[in-house]
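Here is the structure we will look at.
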Amino acid sequence: MLVGIRERLNDIKANLPERVKLIAVSKTKPVEDIKAAHLAGQKVFGENRVEELVVKCPVLPADIEWHMIGNLQSKKVKKIAPFIALIHSVDSQKLLQVINNEATKNDRIINVLLQFHIAQEDTKSGLSLDEAVQILDSQTFKAFKNIKVVGVMGMATYTDETEQVRSEFRSLKSIFDRLKSSFFNNDPEFKEISMGMSGDYKIAIEEGSTMVRVGSSIFGSRL
Ligand SMILES: *Cc1c(COP(=O)(O)O)cnc(C)c1O
């Protein structure tokens, strides 16, 4: 089992272009599995629940970079604000406000991605381009000093129709390009496109992903 994690990680990493960062999604998996991946050289892990993050983080190596990839409630931000490296799932001005406040209290700058709704399913949350433009244009946003928007995130529809998945990833890339030229033109740190999971990360990479969030292909299925 543990050997399996190392081998699967190495297989995936061998096929990733250098510009693409692998986020090992360890949600629901025990700390032993994370330790095995860490021993195999993986330093970046993604979780989707605050409760799980705050239990796992203190008992695992301090050089792990933790990413929050799931829906985040404002009232829980303070629990992860001291240590979180990147929040992928920011989809409202209110959440930005709370993250900025908590980052300020912790005397740090928290990196975030804006999550966009690119899938056909309405269960997947995220902003529209118009909503993001409104936020980025607002004086409130411009006053946030402890938050850094470093890119965008999205999830494609869960389907075998690869052309649909590809066109959804393409729409996220085009959202990224438009935000880059309108708001972040002189900002080299705005460069991340978080897209691609176990089933579709190869397509995502072809469409310009810089971060893939891969869980079951590394750790096995989650039942
Ligand atoms: C669970 C999850 C993933 C990883 O999914 P796999 O199909 O197991 O690779 C990626 N992104 C988000 C937001 C997730 O919740």
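The values are calculated or read from the model by the stated rules, or taken from the named source; none is laboratory data. No experiment lies behind these values; they were computed from the predicted model shown. Counting neighbours? That spans all protein chains shown, and the Cβs are built from the backbone with ideal geometry, glycine included.
Considering only residues in the stretch 39-57 that are out of contact with any helix residue (DSSP H, G or I) (no Cβ under 8 Å at 6 or more places or on another chain) and over 20 Å from Val77 (Cβ atoms), the one that is farthest from the ligand (Cβ to nearest atom) turns out to be Lys43.
Within the stretch 110-125, identify whether any single residue is charged (D, E, K, R), surrounded by fewer than 17 Cβ atoms within 10 Å (Cβ to Cβ) and modelled with pLDDT of 95 or more, and answer yes or no.
Here is the first cut: in the stretch 110-125, the residues charged (D, E, K, R) are 121-122, 124.
Adding the requirement that they be surrounded by fewer than 17 Cβ atoms within 10 Å (Cβ to Cβ) leaves 121-122.
Keeping just the survivors that are modelled with pLDDT of 95 or more gives none.
No, the stretch 110-125 contains no residue that is charged (D, E, K, R), surrounded by fewer than 17 Cβ atoms within 10 Å (Cβ to Cβ) and modelled with pLDDT of 95 or more.
Working only within the stretch 8-38, note down all residues that are assigned to a helix (DSSP H, G or I) and among the charged types (D, E, K, R). Residues satisfying the conditions are Arg8, Asp11, Lys13, Glu32, Asp33, Lys35. Mind listing just one residue for me: the one in the stretch 58-83 that is away from the ligand (no atom under 15 Å from the Cβ) and buried (at least 19 other Cβ atoms within 10 Å of the Cβ) and, of those, farthest from Gly126 (Cα to Cα)? Taking the candidates together, the pick is Ile64. Asn186 fulfils the conditions (1) modelled with pLDDT of 95 or more; (2) out of contact with any Ser or Thr (no Cβ under 9 Å at 6 or more places or on another chain); (3) over 28 Å from Glu7 (Cα atoms); (4) not small (Gly, Ala, Ser) except for a single criterion, (1).
Restricting attention to strands (runs of 3 or more DSSP E) lying wholly within the stretch 120-223, give those where 2 or more residues are of a type in the set (A, V, I, L, M) and touching a Lys or Arg at 6+ places or on another chain (Cβ under 8 Å). Walk me through how you get there before you give the answer.
Details: elements: 147-154, 192-194, 211-214.
Here the list reads 211-214.
Contact map, the stretch 124-147: first residue over 19 Å from His88 (Cα atoms), second residue among the aliphatic types (A, V, I, L, M) and modelled with pLDDT of 95 or more, Cβ cut-off under 8 Å, separation 6 or more or different chains; the map is empty.
Taking the condition within 9 Å of the ligand (Cβ to nearest atom), without any contact (Cβ under 8 Å) to a residue 12 or more places away in the chain and under 19 Å from Asp33 (Cα atoms), does Ser198 pass?
On the way: within 9 Å of the ligand (Cβ to nearest atom): yes; without any contact (Cβ under 8 Å) to a residue 12 or more places away in the chain: no; under 19 Å from Asp33 (Cα atoms): yes.
Taking the combined requirement at face value, the residue does not satisfy it.
Is it the case, given these coordinates, that Phe176 is within 16 Å of the ligand (Cβ to nearest atom), surrounded by 22 or more Cβ atoms within 10 Å (Cβ to Cβ) and on the phi < 0 side of the Ramachandran plot? So Phe176 does not fit the description; no. Might you check whether a residue that is under 25 Å from Ile193 (Cα atoms), within 16 Å of the ligand (Cβ to nearest atom), touching an Asp or Glu at 6+ places or on another chain (Cβ under 7 Å) and in contact (Cβ under 8 Å) with a residue 24 or more places away in the chain occurs anywhere in the stretch 19-38? Yes: one or more hits.
Scoring Lys78 on the criteria (1) touching a helix residue (DSSP H, G or I) at 6+ places or on another chain (Cβ under 7 Å); (2) assigned to a loop (DSSP other than H, G, I, E, B); (3) farther than 19 Å from Gly46 by Cβ leaves a single failure, condition (2).
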